[in-house]
């Protein structure tokens, strides 16, 4: 075989750059999540000490939003990596190859905006739940009935055709890019928004389960991250998603029944 062509060299460089950037981003997110989660269930005098402040001050709100943003990035970027890598490769081979980095940044920005919006909604929901005294100090729903209802809702969503359509889109990056292709930075941004919307449709109910298991419960965060990876990237992921839905329904029913006081 002869030496690689200029295009082949560029594609390899793009893959290394994108994969490296995603890896660094995910590692940085988890480097904040893990110490904060450990401190949350410990002395709360370290990375999570600010949570003791509570209230609605600007600094507290900013940190709470940042917490959700970092969690969503750490949990969702690994499963989004195949689409981002493929998109960079497709752009490099197109007439816009010289603008690959700019197009990828715009695509990633669109994806991030969607999950940023979800993080803002989750932040507002957490504030309301805390003020209504519905959350424990560990940021977990006090009511087993409410927690069970969340599991039931997430399990039911897993079995709907809307969830399956969103999951199929996330599992088929080539088909998504082909059907949503737009040129230019504006087009890349719209594609990122569309992909983010599909991922949000796939995972919003799962992410809300953080309120059932504890927003900063490290085992719960890790379990949800692995679940999302399996249904998006593993073979038979569509079946895994439906099976997970059944397990959530059973778990939700069991939680609600155990929370009902005996007469």
The range 129-248: relative contact order from alpha carbon pairs under 8 Å, six or more residues apart, as a whole percent, is 37
For the range 144-245, what is the largest minus smallest coordinate of the Cα atoms on each principal axis, given in angstrom and ordered from greatest to least?
-> 49, 26, 21
Helix 184-208 sits at what angle to the longest principal axis of the chain, using alpha carbons and giving 0 to 90 degrees rounded to 10?
-> 30
Using just the helices of the chain, give the 222 nm mean residue ellipticity in deg cm²/dmol: DSSP H runs with n ≥ 4 each add -39,500 (n - 2.57), and the total is spread over all residues, rounded to 500.
-> -27000 deg cm²/dmol
Report relative contact order for the chain in percent, whole number only (criteria: Cα-Cα under 8 Å, sequence separation at least 6).
-> 25
Rounded to the nearest 10 degrees, what's the angle between the helix 6-40 long axis and the longest principal axis of the chain, both from Cα atoms, 0 to 90?
-> 10
Starting from the Cα of residue 62, step 7 Å along the direction of its Cβ; do the same at residue 143; then give the gap between the two resulting points in nm.
-> 3.5
May I ask for the distance between the Cα centers of the range 85-105 and the range 11-39, given as a whole number of Å?
-> 21
A student applying the Cα gyration tensor rule (rounded when a/c is under 1.5; otherwise prolate if a/b is larger than b/c, oblate if not) would label the range 64-175 oblate
Where in the range 223-238 is the amide nitrogen less than 15 Å from a point lying 7 Å along the Cα-to-Cβ axis of residue 164?
-> 236-238
R0 of 22 Å, Cβ-Cβ distance residue 125-residue 31: FRET efficiency to nearest 0.05 = 0.25
Computed over the range 85-151, the relative contact order (Cα-Cα under 8 Å, seq sep at least six) in percent reads 14
Residues residue 233 and residue 183, FRET efficiency given R0 of 30 Å [Cβ-Cβ distance, rounded to 0.05] | 0.60
Can you tell me the 0 to 90 degree angle between the C-alpha axis of helix 100-131 and the longest principal axis of the chain, rounded to 10?
-> 10
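Values in this text are rule-based calculations from the coordinates and carry no lab data. The structure presented is a predicted model; accordingly, all values stated were derived computationally and were not measured. In this analysis, Cβ positions are derived from the backbone assuming ideal geometry, glycine residues included, and neighbour counts consider all displayed protein chains.
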